[in-house]
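Chemist: I'd like to ask you about the structure that follows.
The values are calculated or read from the model by the stated rules, or taken from the named source; none is laboratory data. Computed from a predicted model, the values in this text were never measured in an experiment. So basically every Cβ, Gly included, is an ideal-geometry build from the backbone, and we count neighbours across all protein chains shown. Areas reflect the complete protein model, heavy atoms only, side chains present, ligands, DNA and RNA absent. Shrake-Rupley method; radii C 1.70, N 1.55, O 1.52, S 1.80 Å.
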Amino acid sequence: MGNLKLVVTSIVLIIVATSDIWSQNITQSVRGQIIEKQTQATLPGTTVVLLESNPVIATITDSNGYFLLETIPVGRISLQISYVGFNTIVLSNLNLMSGKEMVLNIEMEEKIQTMEEVVIVATKKGETINKMASISTRTFSVEESQRYAGARNDISRMAANYAGVSTSNDALNDIVIRGNSPSGLLWRLEGVDIPNPNHFGQLGATGGPVSMINNNVLSNSDFMTGAFPAEYGNAYSGVFDLKMRNGNYEKHEFLGQVGFNGFEFGAEGPVSKKNNSSYLINYRYSTMGALQKMGISVGTGKAVPNYQDLTFKLNFPTKNIGKITIFGLGGISDINFLYSERDTTEEDENVYAYENRDVLSKSKMGIIGLSHTYIMNSTTYSKLIFGASTMINENDVDSVSTVTNIPGPYVRMDLTDSRIFGNYYINKKINSHHNFRIGVNVKRIGMNLIDSVYNASYDRFITRIDNNDFTYLYEAFIQWQYKLTDNLIFNPGIHYQQLALNNSVSIEPRFGIKWNLSNTQSFGLAYGLHSICQPLSVYFKQVELPDLSSSRPNEDLDFTKSHHFVLGYNLQMNNNLRLKAEAYYQNIFQAVVEPNESAYSILNSNSFTRFTPDSLINGGSGTNYGIELTVERFMDRGFYYLITTSLYESKYKGSDGILRNTAFNGNYVVNALAGKEFELSSNKGDAKYKKVITLDGKITWAGGLRYTPVDIEASLENGQTELDQTRPFSKQFDDYIRPDIRIAFRLDGKRVSQELAFDIQNFINHKNPYMMTFNVETGKEEMIYQLGIFPMVQYRIVF
């Protein structure tokens, strides 16, 4: 810990020294562009006012919809944006820093009934970016992912605080929505579906230990937990619809950050100031190795995770041919779990590894895309996206002898998923009542899958998958929004999906209603039929026949499908406090199970699931239902809190027809978060620099993980942990309890903003169960626990 103290002390000295150099007159600029949401047309002449300014600070947008407010005092600010005939927008408690200009891209909506007298109505806080999402959608800001205690700057871990989302696993950022498998989630970035955006992520999964998605490059985005609109497909649990912000088109700015997630460097600025084009780039390299050398456990025993990632976006607005954007995300990672090199003289917990196995794991993921947004006329625009993605998993597993401790070959896996995609949609605004969006998505899915396991009886490897081929996934949708009035909105639509591999087809109706009873109360109702493809490794699983030929019994598997029903109520108690309640029912059918009577179901898969039976059919089902309650005070006067409660049941049936708990049926989750900012400067007007201390706290209390008990007799016989597969998920660990706290010191000088944050997870050192294993030497079951108290330090500088 002495080295850690030295690092922290050095950072503090850097903050103080740098702030004195760049102090005095702490102001910053706010700039951006304002457009109409339904047509993407610019709105010249829009009024932008800095609220609570005296004298009043205001401006209007130019002929291209751009605005600029200069010499704004740093700190929390609120803006009001108004335009005749459009709903007025109020953006509250924006965090303006000295080291970075605030760049906003704002979309406004036309009123249904235009009155002669202009009536200003503030936008309700918490409204979604996608206006065709009637319910079960939460818009989150980048600041929330940076502020929430225990989030680790990871948007997946941040989302675990929302109602309907559960997690009882410190090792993974799997998003379990309403009892569904994490595999049912869709990740979308800049309008295109992306593979697993996590380091050490597996093909067909959606989670992992560390996210590649850097919150420093994101804009406000939507997170959906059910009955989502028709434009989203190939998912049945939820959608993460992520937007990247544009770089500053007037000024070059830089970011440096070091913390648990890695060493980071970011840059942004203008490509050409004449047309407001910009670049944005961020690179990160893992600090895990450094932490390990300092004697700080990262929760993986002696296995050190190494990773690096790169994110970028280039934005080119033009006058005649529309807006062109080029974006990309990529990362590589590797980790080795060497049981044969374990230290037998001391406890060596490793929550990821398998007993008696050496595991060498590598993963790579990358995506690049080019989008073109074109305004056809005053009521119509189109968007075309081309791109490619690839994901590679390389896993070598050796079996370690319990006698000689010498590893021998066991599993060799090399899986590659390469995709080329094209998306196109047209958005047509008929009038203020009717808006249509029609689109098609085409993906060419190329695969090179090799998976084999060593069979000691035959003294050779048995091929489980060997495929080098491609197929296509076709999607099309039509979404209609009908605003009967400003207070009654209908969102019907249809999604079509077809997999060329076996011509599986799904036609999926979607429907939503949002009814604003008043300015403070609203109801929402939504239904959706959703479907998802099976993982590629499932379709191409091979079975060796007696004549040494092979067959693919799973190639004709259909989609897994789900009916979603959601009813919600929202009460805006005042400008900053709201109450939201939702009830839902989900019926899953055509789930993948074994053809013979068994308890197996793919609905229990998570990101580290390794076992898949040889032969499968669409004969299983599942049911999820529950109620959710959210009480939220939005940030105001430096204070916020969020309390969410989820009560739910998650059941499934395998081919044996027996109703059982799923692996994710924790039954309840309660999250409570709160935070407060304290400004330390005594004379705010004359202070050389602005100092702010932030305190954030969180506690999670959730039902424990479901688990399958150990089969002691089989474990003794085979010399390794064997589970009783006749009683899957029949037992439940003790409740998961984890309190986190975050303390941050932010200092704004004239040109530089700095922040030093301490994040202490599980500060009471509560032992949460993770896994039950069998100790061959003692002949007894043993519990493996999750992370205990886990302190982290992060330093961030923006200039």
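Chemist: Only one of ASP466, ASP451 is open to solvent by 70 Å² or more (accessible area, probe 1.4 Å), assigned to a strand (DSSP E or B) and either of a type in the set (Gly, Ala, Ser) or modelled with pLDDT under 95 (or both). Can you tell me which? Explain how you work it out, then say what you get.
Modeler: Working: ASP451 fails: open to solvent by 70 Å² or more (accessible area, probe 1.4 Å).
After ruling out the rest, the residue left standing is ASP466.
Residue-wise test of (1) of a type in the set (A, V, I, L, M, F, W, C); (2) open to solvent by less than 50 Å² (accessible area, probe 1.4 Å).
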{"residue": "TYR424", "(1), (2)": "no, no"}
{"residue": "ASN431", "(1), (2)": "no, no"}
{"residue": "ARG437", "(1), (2)": "no, yes"}
{"residue": "VAL440", "(1), (2)": "yes, no"}
{"residue": "LEU473", "(1), (2)": "yes, yes"}
{"residue": "ASN502", "(1), (2)": "no, yes"}
{"residue": "PRO509", "(1), (2)": "no, no"}
{"residue": "LYS514", "(1), (2)": "no, no"}
{"residue": "SER518", "(1), (2)": "no, yes"}
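Chemist: Please find, within the range 55-90, the residue that is nearest to ASN431 (Cα to Cα) out of those that are of a type in the set (Gly, Ala, Ser) and open to solvent by less than 40 Å² (accessible area, probe 1.4 Å).
Modeler: Keep residues of the range 55-90 that are of a type in the set (Gly, Ala, Ser), which gives 58, 63, 65, 75, 78, 82, 85.
Then drop every residue that is not open to solvent by less than 40 Å² (accessible area, probe 1.4 Å), which leaves 65, 75, 78, 82, 85.
Numbers: GLY65: 21, GLY75: 40, SER78: 31, SER82: 20, GLY85: 13 Å.
Taking the candidates together, the pick is GLY85.
Chemist: Pairs under 8 Å by beta carbon, first residue farther than 14 Å from ASN502 by Cβ in the range 531-546, partner assigned to a strand (DSSP E or B) and acidic (Asp, Glu), six or more apart or different chains?
Modeler: That search, which allows pairs on different chains as well, returns SER537/ASP451; GLN542/ASP466.
Chemist: Does LEU185 satisfy the criteria of being under 24 Å from SER605 (Cα atoms) and at pLDDT below 90?
Modeler: So LEU185 does not fit the description; no.
Chemist: Considering every residue within the range 580-594, establish whether at least one is in contact with a strand residue (DSSP E or B) (Cβ under 7 Å, 6 or more places away or on another chain), surrounded by fewer than 18 Cβ atoms within 10 Å (Cβ to Cβ) and under 30 Å from SER92 (Cβ atoms).
Modeler: Taking the range 580-594 as the starting set, the residues that turn out to be in contact with a strand residue (DSSP E or B) (Cβ under 7 Å, 6 or more places away or on another chain) are 580-593.
Right, trim to surrounded by fewer than 18 Cβ atoms within 10 Å (Cβ to Cβ) and you get 581, 583, 585, 587, 589.
Adding the requirement that they be under 30 Å from SER92 (Cβ atoms) leaves 581, 583.
There is at least one residue in the range 580-594 that is in contact with a strand residue (DSSP E or B) (Cβ under 7 Å, 6 or more places away or on another chain), surrounded by fewer than 18 Cβ atoms within 10 Å (Cβ to Cβ) and under 30 Å from SER92 (Cβ atoms).
Chemist: Checking THR630 against (1) of a type outside the set (Lys, Arg); (2) in contact with an Asp or Glu (Cβ under 7 Å, 6 or more places away or on another chain); (3) more than 20 Å from ASN762 (Cβ to Cβ); (4) open to solvent by less than 40 Å² (accessible area, probe 1.4 Å): exactly one of these is not met. Which one?
Modeler: Answer for THR630: the failing condition is (2).
Chemist: Still on this structure: In the range 197-239, how many residues are within 21 Å of GLY262 (Cβ to Cβ) and among the hydrophobic types (A, V, I, L, M, F, W, C)?
Modeler: 6
Chemist: Right, next: Does the range 95-113 contain any residue that is at pLDDT below 95, more than 23 Å from LYS428 (Cα to Cα) and in contact with a helix residue (DSSP H, G or I) (Cβ under 9 Å, 6 or more places away or on another chain)?
Modeler: yes
Chemist: Further question: Step by step: first the residues of the range 339-363, then only those that are surrounded by fewer than 18 Cβ atoms within 10 Å (Cβ to Cβ) and assigned to a strand (DSSP E or B), then the one that is modelled with the lowest pLDDT. Which residue is that?
Modeler: Taking the candidates together, the pick is LEU360.
Chemist: Taking into account only those residues within the range 761-799 that are closer than 13 Å to VAL710 by Cβ and of a type in the set (S, T, N, Q), which is surrounded by the most Cβ atoms within 10 Å (Cβ to Cβ)?
Modeler: Only one residue fits best here, namely THR773.
Chemist: Let me ask something else about it. Restricting the range 121-151 to residues that are charged (D, E, K, R), modelled with pLDDT under 85 and closer than 27 Å to PHE260 by Cβ, which is most open to solvent (accessible area, probe 1.4 Å)? Explain how you work it out, then say what you get.
Modeler: From the range 121-151, those charged (D, E, K, R) are 124-125, 127, 131, 138, 143-144, 147; that's our starting set.
Narrowing the set further to residues that are modelled with pLDDT under 85 leaves 124-125, 127, 131, 143-144.
Still in the list and also closer than 27 Å to PHE260 by Cβ: 143-144.
Values: GLU143: 49, GLU144: 18 Å².
Only one residue fits best here, namely GLU143.
Chemist: Kindly indicate which of GLY622, GLY626 is closer than 27 Å to ASP170 by Cα and touching a helix residue (DSSP H, G or I) at 6+ places or on another chain (Cβ under 6 Å).
Modeler: Details: GLY626 fails: touching a helix residue (DSSP H, G or I) at 6+ places or on another chain (Cβ under 6 Å).
When all the criteria are applied, what remains is GLY622.
Chemist: Does the range 489-496 include one or more residues that are more than 27 Å from the chain's Cα centre (by Cα), surrounded by fewer than 19 Cβ atoms within 10 Å (Cβ to Cβ) and either at pLDDT 95 or above or of a type in the set (Phe, Trp, Tyr) (or both)?
Modeler: Within the range 489-496, the subset more than 27 Å from the chain's Cα centre (by Cα) is 489-490.
Checking which are surrounded by fewer than 19 Cβ atoms within 10 Å (Cβ to Cβ) leaves us with 490.
When the remaining residues are screened for being either at pLDDT 95 or above or of a type in the set (Phe, Trp, Tyr) (or both), the result is 490.
Checking the range 489-496: at least one residue is more than 27 Å from the chain's Cα centre (by Cα), surrounded by fewer than 19 Cβ atoms within 10 Å (Cβ to Cβ) and either at pLDDT 95 or above or of a type in the set (Phe, Trp, Tyr) (or both).
Chemist: Across the range 539-594, what is the total count of residues that are charged (D, E, K, R) and at positive phi?
Modeler: 0
Chemist: Still on this structure: Which condition number in (1) under 23 Å from the mean Cα position of the chain (by Cα); (2) buried (at least 22 other Cβ atoms within 10 Å of the Cβ) is the one that LEU642 fails?
Modeler: Evaluating LEU642 over (1) under 23 Å from the mean Cα position of the chain (by Cα); (2) buried (at least 22 other Cβ atoms within 10 Å of the Cβ) leaves (2) as the failure.
Chemist: Which of the residues that make up the range 68-92 are within 24 Å of LEU680 (Cα to Cα) and among the aliphatic types (A, V, I, L, M)? Quick ask: steps written out before the conclusion?
Modeler: Start the filter on the range 68-92 by keeping residues that are within 24 Å of LEU680 (Cα to Cα), which leaves 71-78, 92.
Hits for the range 68-92 are ILE72, VAL74, ILE77.
Chemist: Looking at the range 721-760 only, could you name the residues that are open to solvent by less than 50 Å² (accessible area, probe 1.4 Å) and of a type in the set (S, T, N, Q)?
Modeler: THR721, SER753, GLN754, listed by residue number.
Chemist: For ASN431, state whether it is under 30 Å from THR380 (Cα atoms) and not in a strand (DSSP E or B). Talk me through it step by step, then tell me what you get.
Modeler: Values: under 30 Å from THR380 (Cα atoms): yes; not in a strand (DSSP E or B): yes.
Judged against the criteria, ASN431 is a match.
Chemist: Next question, about the same structure. Which pairs have Cβ atoms under 8 Å, sit 6 or more apart or on different chains, and link a residue in the range 733-757 that is closer than 30 Å to GLU782 by Cα to one that is open to solvent by 20 Å² or more (accessible area, probe 1.4 Å) and among the β-branched types (Val, Ile, Thr)?
Modeler: ILE737/ILE699; ARG738/ILE699; PRO739/ILE699; PRO739/ILE764; ASP740/ILE699; ASP740/ILE760
Chemist: Follow-up question, since we're still on this one. In the range 520-537, which residue that is closer than 25 Å to ILE602 by Cα and part of a strand (DSSP E or B) is most open to solvent (accessible area, probe 1.4 Å)? If you could, list the steps in order and put the result at the bottom.
Modeler: From the range 520-537, those closer than 25 Å to ILE602 by Cα are 527-537; that's our starting set.
Narrowing the set further to residues that are part of a strand (DSSP E or B) leaves 527-532.
On the way: TYR527: 57, GLY528: 0, LEU529: 20, HIS530: 0, SER531: 0, ILE532: 18 Å².
Result: TYR527.
Chemist: Another question about this same structure. I'd like to know if the range 226-236 contains one or more residues that are open to solvent by less than 10 Å² (accessible area, probe 1.4 Å), modelled with pLDDT of 95 or more and assigned to a strand (DSSP E or B).
Modeler: Checking the range 226-236: not a single residue is open to solvent by less than 10 Å² (accessible area, probe 1.4 Å), modelled with pLDDT of 95 or more and assigned to a strand (DSSP E or B).
Chemist: Against the definition (free of Cβ contacts under 8 Å to residues at least 40 places away in the same chain, among the hydroxyl-bearing types (Ser, Thr, Tyr) and either surrounded by 16 or more Cβ atoms within 10 Å (Cβ to Cβ) or more than 30 Å from VAL400 (Cβ to Cβ) (or both)), how does THR708 come out, yes or no? Write out each step before concluding.
Modeler: Working: free of Cβ contacts under 8 Å to residues at least 40 places away in the same chain: yes; among the hydroxyl-bearing types (Ser, Thr, Tyr): yes; either surrounded by 16 or more Cβ atoms within 10 Å (Cβ to Cβ) or more than 30 Å from VAL400 (Cβ to Cβ) (or both): yes.
Criteria met by THR708.
Chemist: Of all the residues that make up the range 288-332, how many are under 27 Å from LYS362 (Cβ atoms), hydroxyl-bearing (Ser, Thr, Tyr) and at pLDDT 95 or above?
Modeler: Of the residues in that region, 1 qualify.
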